[in-house]
1. Condition first: assigned to a helix (DSSP H, G or I) and out of contact with any helix residue (DSSP H, G or I) (no Cβ under 8 Å at 6 or more places or on another chain). Now tell me which residues in the stretch 33-75 satisfy that.
2. Applying the selection to the stretch 22-72, what residues are of a type in the set (Val, Ile, Thr) and either farther than 18 Å from LYS9 by Cβ or without any contact (Cβ under 8 Å) to a residue 12 or more places away in the chain (or both)?
3. Considering only residues of the stretch 138-174 that are of a type in the set (D, E, K, R) and at negative phi, which is surrounded by the fewest Cβ atoms within 10 Å (Cβ to Cβ)?
4. Within the stretch 52-70, work out how many residues are over 13 Å from PRO200 (Cα atoms) and either surrounded by fewer than 14 Cβ atoms within 10 Å (Cβ to Cβ) or not small (Gly, Ala, Ser) (or both).
5. Kindly provide the set of residues from the stretch 82-94 that are of a type outside the set (Lys, Arg) and surrounded by 13 or more Cβ atoms within 10 Å (Cβ to Cβ), ordered by number.
6. Select from the stretch 175-185 the residues that are surrounded by fewer than 16 Cβ atoms within 10 Å (Cβ to Cβ) and touching a strand residue (DSSP E or B) at 6+ places or on another chain (Cβ under 8 Å) and list them in ascending order.
7. Give the number of residues within the stretch 11-32 that are assigned to a helix (DSSP H, G or I) and buried (at least 19 other Cβ atoms within 10 Å of the Cβ).
8. I'd like the full set of residues that are of a type in the set (A, V, I, L, M) and assigned to a strand (DSSP E or B), limited to the stretch 76-114.
Amino acid sequence: MKLTGSIGKLYELRTYRIAAQDLPRMRSLVQEVFRVRVRHSRIVGYWSAELGSLNQVFHIWEYDSLTARKAIRDALTLDQDWNNKFLKLALPAFEKQDNCVAKSLLGDIKSVWNDQDFYKVLAVNYQGLAQEDARKRFLKSVQQLQQQGPDVKGAFETVIGNSREFYVMHSSNDLDQLIGGEEALTGDPTAATTSKVLNPLQWTRWLKD
């Protein structure tokens, strides 16, 4: 993928922490009803956390603009299938919800769902750097990561959320290959990093393009 600094489409990264006792019920609910949500806008991927966090699900949604996102969210409030068959039943299971809006630094992102692969998302926050300097440092580190072989699926810069925060996602069909190879990011003394390993949800095969 070619690195670019243009904004283009926007991507909303959403994280939900689910009460442990509600996980089986939520899995069934997603399998049966979540396609109602996907009728309204494009989802890039939907994962469950395996390592680094527990009882979490992680989504990436694509929007043409914040105005387009608002129109979609407004339409969802009027969608009775969504409200009655999913949202009303799911809300009691949510212990915490977080989101941010980001721009892609790799151009428009294709769906990255593959039930044969494992995914790792690394959040990087640069301390004490101006936004432009942080972006340049992150892009250089992502280029080094790409050269080392990991299949980089996306690189994002937060535009609403924590300033100087960036995300990179890469994947492998070998879980152990997700360890290491990120020294350009994790070894930077100005960067605070956190990571998690994710599984794509096998019952959401219909999320693919």
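The values are calculated or read from the model by the stated rules, or taken from the named source; none is laboratory data. Quick caveat, the model's predicted, so the values are computed rather than measured. Heads up, the Cβs are rebuilt from the backbone with ideal geometry, glycines too, and the neighbour counts pull from every protein chain shown.
1. Those that are assigned to a helix (DSSP H, G or I) and out of contact with any helix residue (DSSP H, G or I) (no Cβ under 8 Å at 6 or more places or on another chain): LEU66, THR67, ALA68, ARG69, LYS70, ALA71, ILE72, ARG73, ASP74, ALA75.
2. Once the filter is applied, which keeps residues that are of a type in the set (Val, Ile, Thr) and either farther than 18 Å from LYS9 by Cβ or without any contact (Cβ under 8 Å) to a residue 12 or more places away in the chain (or both), the stretch 22-72 yields VAL30, VAL33, VAL36, VAL57, THR67.
3. Selected residue: ASP174.
4. 11
5. TRP82, ASN83, PHE86, LEU87, LEU89, ALA90, ALA93, PHE94
6. Within the stretch 175-185, LEU175 is the sole residue that qualifies.
7. 2
8. VAL101, ALA102
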